[in-house]
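Read through the structure below, which is laid out as structure tokens, and then see the notes.
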Amino acid sequence: MKSTPHASQYARTEIHGFTLVEILMAIGIIGLLAAVAVPQYQRYVARSHAAELLLKFDAVKTNLGSLISSGNVQVNCGTVPAVVHAANLKSEYAGMDVGFEPVTGGFTPVLRYCATIEGRGPQAVQVVREAHTVMSRSASISQPVVLGDAAASFAVRLAGDTVLCKALPAAKPADICAKPMGLTMQADVMRLASGAIVPGGYHLHTQGNPFAMTVEMTILGVPPPGGAVLFNYGNYVDDHNAFSLWNPGSLTVAILGNDFNTGLNLRDGQTHRVSVSWDGATQTLAVYDNGNLVKTFTGAGRGYALNGNAEMSIGVKNKSPGFFEEGTRFSGEILRTSVVQRAMTAAELATPVFQTMAGKSELLMDVTVENGKVVDTTGHHDMREAGGVSVTQAEVATALVLKP
């Protein structure tokens, strides 16, 4: 008689696991926790490093106190950086230096904090902001300055209004925050490849007929040779009623039928913040490069005004609304284009127009890239791209992108 296998030999072995829904729920919970925890952790790190900066501040202040009591500071403020230990001026995320601020009868030492995203990313700027927040609770802050999302700095007086120096320091240390133009960062820029950027409806909204105008463009790289048009505003059927910037090899400004050749070469591979200020009342035209005067012309505009609300385009000359003149197309990289309905002064153009004119009604347009899109930051126009226009990244001076 054959033996019959026990029933347990045929029993099924159940395999336990997770359903797809359970896995997705777990992933969602983990993502939610991460979204809450990561920013909190970053804030914690910033606060920790800000606390480190404050400890270093106390150490520097103690060293200066010793100098003051010994009388050395009264003799020569130039000894301060030598006596303050170098380790007290360094931090993982931010730099510091000891400088001197004029006060009645002499100078008083100040400690300057500075950080940019060029060093340790946005975390560095956040550290300085945290330190600034803590410091601002006391009266020791001297002219607090927060430059923007890309860089931050502020200064703290080390001895209030007490005069510590009787003479100008013999060897003033380099101010790490004094030259933001020397700092660079990656920024989104507009790359035109025979394309164009125009406002919706193709018209620039002006306040009546412009009798004065300032146009500023920041040009990168090496534009092509020839008569390419950088900026064009005016009546497309009449060149005698137009304001144009063209010929990047020797920048030429056309106003109401007259050409003014500046001799400025935009094809040298350098970054150029070109500012063109026209005053119809005085018939003068002033051209600046990176805030420096290039040339001044007289007889510009013949005493006439431009048509209001006329067609405008960046990177090509208008032929008619929606159509452009071939042979005038520009190829190159543009960081920003700003248009102001008045003639701006040399002092105002020392800094980028979008910073100087932020929030003012005369700023008609400010075209740049934000969140990967070409926009008019004033909100006056919806910008459109015609033809070969793309967004890319380029190394630019931090001061050219800092928000006011």
Name the pairs: first residue in the stretch 319-339 and within 23 Å of Arg267 (Cα to Cα), second residue at pLDDT 85 or above and of a type in the set (Ser, Thr, Tyr), Cβ to Cβ under 6 Å, at least 6 apart or on different chains? Leu335/Thr218; Arg336/Thr218; Arg336/Thr368
Return only the number of the condition from (1) at pLDDT below 85; (2) among the β-branched types (Val, Ile, Thr); (3) part of a strand (DSSP E or B) that Val294 does not satisfy. (1)
Qualifying residue in the stretch 104-118 (condition: modelled with pLDDT under 80 and assigned to a helix (DSSP H, G or I)): yes
Of the residues in the stretch 92-116, those that are buried (at least 19 other Cβ atoms within 10 Å of the Cβ), over 18 Å from Leu64 (Cα atoms) and in contact (Cβ under 8 Å) with a residue 60 or more places away in the chain come to Cys114, Thr116
Mind checking which residues of the stretch 126-153 are in contact with a Phe, Trp or Tyr (Cβ under 9 Å, 6 or more places away or on another chain), modelled with pLDDT of 75 or more and β-branched (Val, Ile, Thr)? Val127, Val128
Please go through the stretch 347-394 and pick out each residue that is of a type in the set (S, T, N, Q), surrounded by fewer than 18 Cβ atoms within 10 Å (Cβ to Cβ) and free of Cβ contacts under 8 Å to residues at least 60 places away in the same chain. Gln355, Asn371, Thr377
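The values are calculated or read from the model by the stated rules, or taken from the named source; none is laboratory data. Note that the structure is a prediction, hence the values are computed from the model and not measured. FYI the Cβ positions are ideal-geometry reconstructions off the backbone, even for glycines, and counts take in every protein chain you see.
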